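Only one structure is covered here, and it is reproduced in the block below.
The values are calculated or read from the model by the stated rules, or taken from the named source; none is laboratory data. Please read all numbers here as calculations on a predicted model, not as lab measurements. So basically every Cβ, Gly included, is an ideal-geometry build from the backbone, and we count neighbours across all protein chains shown.
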Amino acid sequence: MAETTQPVEMIKQIGIIGAGHMGSGIAQVASLAGYKVILVDVSKEKTEAALATINGNIARQVSKDTMTQDQQQAALDLITITSDINQLSEADLVVEAITEDEDLKQEIYKDLCPVLKPEAILCSNTSTISITRLAAKTDRPAKFIGMHFMNPVPVMELVELIRGIATEEETYQTCKAFVKSLEKYTAVSEDFPAFIVHRIMIPMINEAIYTLYEGVGTVEAIDTAMCYGAHHPMGPLELADFIGLDNCLGIMQKLYEGLADPKYRPCPLLVKYVEAGWTGQKAGRGFYDYRDGTPVPTR
């Protein structure tokens, strides 16, 4: 892990918009680092479920003696859940962590920006969308940056920082220090489609699907080859199921459209699986069938 640090002095309160897996994970690591967190979602059920997930995750750390009950309670006490975006009026840094829908993100910024104080930094957890384009739809392009956490946030140690064309140096340095205070590493990416991690990882998955599509190997053979031949902790097809085949397809489409390079063409088999609704673990079926508890290859 990165060197343990203290919270960034100029950041007292963190706002997080979106209480899904990413938003709840960011809330967890921020609260454990000592920041006051306001977790906002239009769904009360989602925010309550997020708080329960955070509590459960920290409780497991307590049971493993990597954290005390006092630390658990202190972190939970720092988190406020709400559906009222106006409660972000005193936030020093806000992370938008909603679904990868550019129009929806822009709608949220339209409501959010008038609420924020002028000096507040606005970050997007987007994994694919242009930071420069998103920033241009706000009232603070100089104080806008991409802050892409990896999933699952409490476990993964990297955060990609993506500067838009207007992002100020002070904004970047503050966010870099904030990420370090969460005991995570930063990788700085230029503002191109899918940035660094997904630019490399998702085409690798797409190539694995082409390998399956062309009959070079079965699902089991491909994943076994990469686990034991390249020391990957998870085979690319199992990883695709974990990420969500619909998410993989969406990223490949953005790469294909954004870079106009045929090497990023989504594999037709990936498209077929998504059209069938076989989007991976969350759907019960993808390249593996999860419905009986034990994953079974579907091809």
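Where in region 119-204 are the strands (runs of 3 or more DSSP E), entirely inside, with at least 2 residues that are modelled with pLDDT of 95 or more and out of contact with any strand residue (DSSP E or B) (no Cβ under 8 Å at 6 or more places or on another chain)? Spell out the reasoning first.
Details: elements: 121-124, 144-149, 158-163, 185-189.
Strands (runs of 3 or more DSSP E) meeting the threshold: none at all.
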Scanning region 257-291 residue by residue, those closer than 14 Å to Asp241 by Cβ, in a helix (DSSP H, G or I), more than 22 Å from the chain's Cα centre (by Cα) and touching a residue at least 60 places away in the same chain (Cβ under 8 Å) turn out to be Leu269
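If only one of Thr138, Thr132 is surrounded by 14 or more Cβ atoms within 10 Å (Cβ to Cβ), without any contact (Cβ under 8 Å) to a residue 60 or more places away in the chain, of a type outside the set (Asp, Glu) and out of contact with any Leu (no Cβ under 9 Å at 6 or more places or on another chain), which one is it? Break it down into steps so the answer makes sense when it comes.
Numbers: Thr138 fails: out of contact with any Leu (no Cβ under 9 Å at 6 or more places or on another chain).
None of the other options fit; the residue is Thr132.
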Those residues of region 27-43 which are in contact with a Gly (Cβ under 9 Å, 6 or more places away or on another chain) and farther than 10 Å from Thr80 by Cα amount to Asp41
For region 27-53, pairs from a residue that is among the aromatic types (Phe, Trp, Tyr) and modelled with pLDDT of 95 or more to a residue that is surrounded by fewer than 22 Cβ atoms within 10 Å (Cβ to Cβ) and in a helix (DSSP H, G or I), with Cβ under 9 Å and 6 or more apart or across chains, are Tyr35/Ser181
Taking region 8-26 and keeping residues at pLDDT below 95 and β-branched (Val, Ile, Thr) leaves Val8
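With the structure loaded, tell me whether Glu100 is closer than 30 Å to Leu259 by Cα, not basic (Lys, Arg) and not in a loop (DSSP other than H, G, I, E, B) or whether it fails that test. Spell out how you get there, then give the answer.
Values: closer than 30 Å to Leu259 by Cα: yes; not basic (Lys, Arg): yes; not in a loop (DSSP other than H, G, I, E, B): no.
In short, no.
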Only unsatisfied item for Val94, checking (1) of a type in the set (A, V, I, L, M); (2) assigned to a loop (DSSP other than H, G, I, E, B); (3) under 23 Å from Thr138 (Cα atoms), is (2)
Scanning region 89-117 for residues that are over 18 Å from the mean Cα position of the chain (by Cα), among the aliphatic types (A, V, I, L, M) and either closer than 16 Å to Met147 by Cβ or not assigned by TED's automatic domain parsing to the domain that holds Asn55 (or both) gives Ala91, Leu112, Leu116
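If we keep just the residues of region 205-232 that are touching a strand residue (DSSP E or B) at 6+ places or on another chain (Cβ under 9 Å) and not aliphatic (A, V, I, L, M), which is surrounded by the most Cβ atoms within 10 Å (Cβ to Cβ)? Lay out the reasoning, then the answer.
Let us first name the residues in region 205-232 that are touching a strand residue (DSSP E or B) at 6+ places or on another chain (Cβ under 9 Å), namely 218-220, 223.
If we keep only those that are not aliphatic (A, V, I, L, M) as well, we get 218, 220, 223.
Numbers: Thr218: 14, Glu220: 16, Asp223: 24.
This residue is Asp223.
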Note on region 276-297: residues in contact with a helix residue (DSSP H, G or I) (Cβ under 9 Å, 6 or more places away or on another chain) and aliphatic (A, V, I, L, M) are Ala283
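Evaluate region 66-78: report whether one residue or more is among the polar types (S, T, N, Q) and under 21 Å from the mean Cα position of the chain (by Cα).
Checked against the condition, which is being among the polar types (S, T, N, Q) and under 21 Å from the mean Cα position of the chain (by Cα), region 66-78 yields no hits at all.
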When (1) part of a helix (DSSP H, G or I); (2) surrounded by fewer than 16 Cβ atoms within 10 Å (Cβ to Cβ) are applied to Thr66, the one that fails is (1)
